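Structure first, then comments.
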Amino acid sequence: MSEQDDQLDAPIKRASRANTERSKKAVRKPWAPPSMLDAPPAPDGYKHRWIRAETRGFNDSKNISAKMREGYELVRRDEYPDFESPTVESGKYEGSASNSTGVTQYEIASNNTNAIFQYNIVVPLAAGVIDQAGATSGGTTQALGVLMGVEYQDSVQKKPVFLNYWPGSGSVSVDTNYPVKAFVADNPNQIFKVASDATLTNRATGQAAVFANATLGTSARTGSTDTGSSNSALSVSSIATTATLALRIVGIQDDPANNDYASAGIPLLVRLSAHFNAPTSRFDSQTTATTTGL
């Protein structure tokens, strides 16, 4: 028998068909970066979602309030002590968890009859709750921040209610067995936008107001019960270097739709003076602040 015949007579080794099926072969998965929005496991029936709190350096309060009206409930980091989250080591959110909303949960007394509108200044009280600004101008009581929305348990509907403002205890049915939760933008370096209540004459006059202080005139506690939003406006006539005024002007927003300095409504960028959470929360300290927050 020839060499060729020897090869033909050799036993043929065949792989099992079961081992050659596509389903049995390991498919190499493409590499994917780790998620930057990891969240702790949520309780049964709930899901955790990150929501946008800031856009291009400006507080996106409308998005937060919209999500709260949809039924979102803000979660504090200390509710999940075992969840490891990287923190911001520098800047205005120093010490905060990454993806921090910059909003903190406080409480409003369930018998508080004062209406506190979204974007109104709020102050801390000795009882451990918050209330509206100390005066219609903003006052000299150290500000805690700006109200973004509330949650309370309705005693009639027997379910939680989410609103962008607190109507006052006389306008709602509150189950006093549950706290009235208030969500406050309370970062001491947070920049807020507020419209001027009068003309600034021209661009040069407006620019000269930067780094000066001002009040909210008589509008610090006012707002609309239809929209729930504050209608506070910066009092142009109050602009001065006086250290005890409630607001520090730090800039003017570039807004083509509102750049007529001969009219009211110029969008000014401000920071709360003598913030309760600032390392040195005295009004006079703001004249030598190490940062304007910009």
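The values are calculated or read from the model by the stated rules, or taken from the named source; none is laboratory data. These figures come from a predicted structure and were not determined experimentally. Note that each Cβ is placed from the backbone with ideal geometry, even for glycine, and that neighbours are counted across all protein chains shown.
Screening Ala278 against (1) at pLDDT 85 or above; (2) buried (at least 17 other Cβ atoms within 10 Å of the Cβ) leaves a single unmet condition, (1). The residues in the stretch 230-248 that are closer than 19 Å to Ala264 by Cα and surrounded by fewer than 20 Cβ atoms within 10 Å (Cβ to Cβ) can be counted, and the count is 4.
Would you mind stating whether Ala109 is in contact (Cβ under 8 Å) with a residue 60 or more places away in the chain and within 24 Å of Leu245 (Cβ to Cβ)?
Values: in contact (Cβ under 8 Å) with a residue 60 or more places away in the chain: yes; within 24 Å of Leu245 (Cβ to Cβ): no.
It is false that Ala109 is in contact (Cβ under 8 Å) with a residue 60 or more places away in the chain and within 24 Å of Leu245 (Cβ to Cβ).
When residues in the stretch 147-182 are screened for being outside any strand (DSSP E or B) and not aliphatic (A, V, I, L, M), 16 of them pass.
Looking for whichever is in the same structural domain as Val123 (by TED's automatic domain parsing), over 24 Å from Thr141 (Cα atoms) and either under 23 Å from the mean Cα position of the chain (by Cα) or not acidic (Asp, Glu) (or both) here; the options are Ser173, Ser263. Which one fits?
Numbers: Ser263 fails: in the same structural domain as Val123 (by TED's automatic domain parsing).
Just one listed residue meets the conditions, Ser173.
The residues in the stretch 254-272 that are modelled with pLDDT under 90 and either within 18 Å of Asp197 (Cβ to Cβ) or among the aliphatic types (A, V, I, L, M) (or both) can be counted, and the count is 4.
Scanning the stretch 174-216 for residues that are free of Cβ contacts under 8 Å to residues at least 24 places away in the same chain and among the aliphatic types (A, V, I, L, M), which turns out farthest from Ala53 (Cα to Cα)? Please lay out each step first, then the result.
Pass one, the stretch 174-216, residues free of Cβ contacts under 8 Å to residues at least 24 places away in the same chain: 175, 204, 208.
Among the residues that remain, those that are also among the aliphatic types (A, V, I, L, M) are: 204, 208.
On the way: Ala204: 32, Ala208: 30 Å.
Applying the filter and picking the extreme gives Ala204.
With respect to being in contact with a Lys or Arg (Cβ under 9 Å, 6 or more places away or on another chain), more than 14 Å from Gly139 (Cβ to Cβ) and of a type in the set (Val, Ile, Thr), Val250 fits the description.
Is there a residue being under 20 Å from the mean Cα position of the chain (by Cα), in contact (Cβ under 8 Å) with a residue 40 or more places away in the chain and surrounded by fewer than 16 Cβ atoms within 10 Å (Cβ to Cβ) anywhere in the stretch 249-256?
If we filter the stretch 249-256 for residues that are under 20 Å from the mean Cα position of the chain (by Cα), which is where we start, we get 250, 253.
In the following step, the residues that additionally are in contact (Cβ under 8 Å) with a residue 40 or more places away in the chain were identified as 250, 253.
Retained after the next criterion (residues that are surrounded by fewer than 16 Cβ atoms within 10 Å (Cβ to Cβ)): 253.
Checking the stretch 249-256: at least one residue is under 20 Å from the mean Cα position of the chain (by Cα), in contact (Cβ under 8 Å) with a residue 40 or more places away in the chain and surrounded by fewer than 16 Cβ atoms within 10 Å (Cβ to Cβ).
Every listed requirement among (1) surrounded by 17 or more Cβ atoms within 10 Å (Cβ to Cβ); (2) part of a loop (DSSP other than H, G, I, E, B); (3) β-branched (Val, Ile, Thr) is met by Val122 save one, (2). Applying a threshold of 8 Å to beta carbon distances and a minimum spacing of six or more residues, or different chains, the list of pairs starting in the stretch 132-158 at a residue that is over 19 Å from Ala185 (Cβ atoms) and assigned by TED's automatic domain parsing to the domain that holds Asn111 and ending at one that is outside any loop (DSSP other than H, G, I, E, B) and among the polar types (S, T, N, Q) reads Ser137/Ser238.
Is it the case that Ser285 is modelled with pLDDT under 90, farther than 25 Å from Gly149 by Cβ and either assigned to a loop (DSSP other than H, G, I, E, B) or not acidic (Asp, Glu) (or both)? Steps first, please.
Values: modelled with pLDDT under 90: yes; farther than 25 Å from Gly149 by Cβ: yes; either assigned to a loop (DSSP other than H, G, I, E, B) or not acidic (Asp, Glu) (or both): yes.
Yes; evaluated as a whole, the condition is true for this residue.
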